[in-house]
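The values are calculated or read from the model by the stated rules, or taken from the named source; none is laboratory data. These figures come from a predicted structure and were not determined experimentally. Heads up, the Cβs are rebuilt from the backbone with ideal geometry, glycines too, and the neighbour counts pull from every protein chain shown. To get the accessible areas, we keep the full protein, side chains included, count just its heavy atoms, and leave off ligands, DNA and RNA. Shrake-Rupley method; radii C 1.70, N 1.55, O 1.52, S 1.80 Å.
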Amino acid sequence: PTNLILDMLSVNIQVFAESQCPACIDYTSSQLAPLLAALPSSVRLSAFPYGNANSTLLDDGSYLFQCQHGVNECMANMWEACAIEHYPDQALWFPFYDCIESSDISQNRDGEFETDLVASCAEKTGLDFKALQDCAGEDPASGSPSDGNLLMQKIAVATEKSGHTFCPWVVIDGVPLTEEQIDNGDDLPQLVCEALVAKAGPDDVLPSACVDNLN
């Protein structure tokens, strides 16, 4: 019973970000990665790589995306979105997502997009690059008509509904973090532990990482 309780006690985190946003990249490496390392079974993480982009419905029924930091960001957003969609287990998609954001792709706004780095991240993290390619399509800035393009539009709608006013926009169990919490580098594992404490019943057992974090 104790193990079942531990499995059920979790926090939902949504991160609305964009692949070439410096603050988003920093948040992935300094907060999300340590969080998932410390509390992998206590977090249900969802990422929405779109941020401050815009979408336009074209005459052919597809969508055109324009990203804050340019076409390369749209491409990187698409590769991340395809991984999240086709490998929904966060233990699978997050290492790829983190790899993309830690690579030169996150800094390359104007040069030729480095698809070889995407393939390298897929290989390093055990994802099928061909499956990601099928989703991203011939033009990853737009995505394949039957997969990536529609997927990114769903992410666009979700981002709009989130009410985000800056990036990264981080929501814990429906409550957005303030800009100050993110800018000041508030410890995300501690915030998650506090959320777990708030929802824990008398018979629930906190993860050991939270017991250590809150003491």
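FRET efficiency for Glu194 and Ala91, Cβ-Cβ distance as r, R0 = 25 Å, nearest 0.05?
Computed FRET efficiency for Glu194 and Ala91 comes out at 0.55.
In what order, largest first, do Val43, Val211 sit by accessible area if the probe radius is 1.4 Å?
Sorted by accessible area, descending: Val211, Val43.
Calculate, for the chain, the solvent-accessible area per residue in square angstrom, rolling a 1.4 angstrom probe over the heavy atoms of the protein chains.
Ligands and nucleic acids excluded, the figure is 49 Å² per residue.
Shape of the stretch 9-74 from its Cα gyration tensor (a ≥ b ≥ c, root eigenvalues): rounded if a/c is under 1.5, otherwise prolate when a/b > b/c, or oblate?
Oblate, since a/c reaches 1.5 and b/c is not below a/b.
May I ask you to derive the relative contact order of the chain, considering only C-alpha pairs under 8 Å and at least 6 residues apart, and to give it as an integer percent?
Here the relative contact order equals 30 percent.
State to the nearest 20 debye the size of the charge dipole of the chain about its Cα centre, where the only charges are +1 on K and R beta carbons and -1 on D and E beta carbons.
In debye, rounded to 20, the chain gives about 460.
I need the shape label for the stretch 162-215. Rule: rounded when a/c is under 1.5, else prolate if a/b > b/c, else oblate, with a, b, c from the alpha carbon gyration tensor.
Judged from the Cα gyration tensor, the stretch 162-215 comes out oblate (a/c at least 1.5, b/c at or above a/b).
Among the complete DSSP H segments of the chain, which ones combine at least 18 Å of alpha-carbon extent along their axis with a mean Kyte-Doolittle hydropathy of 0.5 or more?
none
Using a probe of 1.4 angstrom, how much of the accessible area of the chain is carbon and sulfur, in percent?
Ligands and nucleic acids excluded, carbon and sulfur give 50 percent.
Which shape class, rounded, prolate or oblate, goes with the stretch 88-128 when its Cα gyration tensor gives a ≥ b ≥ c as root eigenvalues, a/c under 1.5 marks rounded, and past that a/b bigger than b/c marks prolate?
prolate
Computed from these coordinates, which is Cα extents along the principal axes in Å: (i) 56, 34, 30; (ii) 71, 51, 49; (iii) 45, 37, 31?
Label of the calculated value: (i).
Suppose we keep just the DSSP beta bridges with both residues in the chain; what percent of those would be antiparallel, to 5?
Roughly 60 percent of the beta bridges in the chain run antiparallel, per DSSP.
Only helical DSSP H runs with n ≥ 4 go in: add -39500 (n - 2.57) per run for the chain, normalise by residue count and round the 222 nm mean residue ellipticity to 500 deg cm²/dmol.
So the helix-based figure for the chain works out to -14500 deg cm²/dmol.
Need one value: the accessible area of Thr178 in square angstrom, 1.4 angstrom probe, rounded to the nearest 10.
Its accessible surface works out to 60 Å², give or take rounding.
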